[in-house]
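The values are calculated or read from the model by the stated rules, or taken from the named source; none is laboratory data. In this text the structure is predicted, and so the values were computed from the model without any measurement. Don't worry about glycine lacking a Cβ; one is built from the backbone with ideal geometry, like all the others, and counts go over all protein chains shown. Accessible surface areas use protein heavy atoms only, side chains included; no ligands, DNA or RNA. Shrake-Rupley method; radii C 1.70, N 1.55, O 1.52, S 1.80 Å.
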Amino acid sequence: MAVNVFSPPDNNDIVVSFFPGGDAIISINDNIVNNTEELIDAINLYDGDKLSVKYLRNNKENTCQITPI
């Protein structure tokens, strides 16, 4: 699964693209993330371990497992 992460100008929301379509990440391993900095910090905490990512797609919460490389 390819993931692009980019920050909007005001850095209030996280915009993520799980191809195809755009999603908003809600949490990493049940730790809520509110902006790009918190997302990066949460991912770095687990140092390449598998992560549970909760995200919003079409107003519906979903969860997937990813392993950062």
Any chance you could count how many residues in region 25-61 are open to solvent by less than 40 Å² (accessible area, probe 1.4 Å), among the polar types (S, T, N, Q) and not in a loop (DSSP other than H, G, I, E, B)?
3
Under 8 Å between Cβ atoms, which residue pairs at least 6 apart in sequence (or on different chains) link something in region 36-62 that is free of Cβ contacts under 8 Å to residues at least 40 places away in the same chain with a partner that is of a type in the set (Asp, Glu)?
Ser52/Asp30; Lys54/Asp30; Lys54/Glu61; Tyr55/Asp23; Tyr55/Glu61; Leu56/Asp23; Arg57/Asp23; Asn62/Asp23
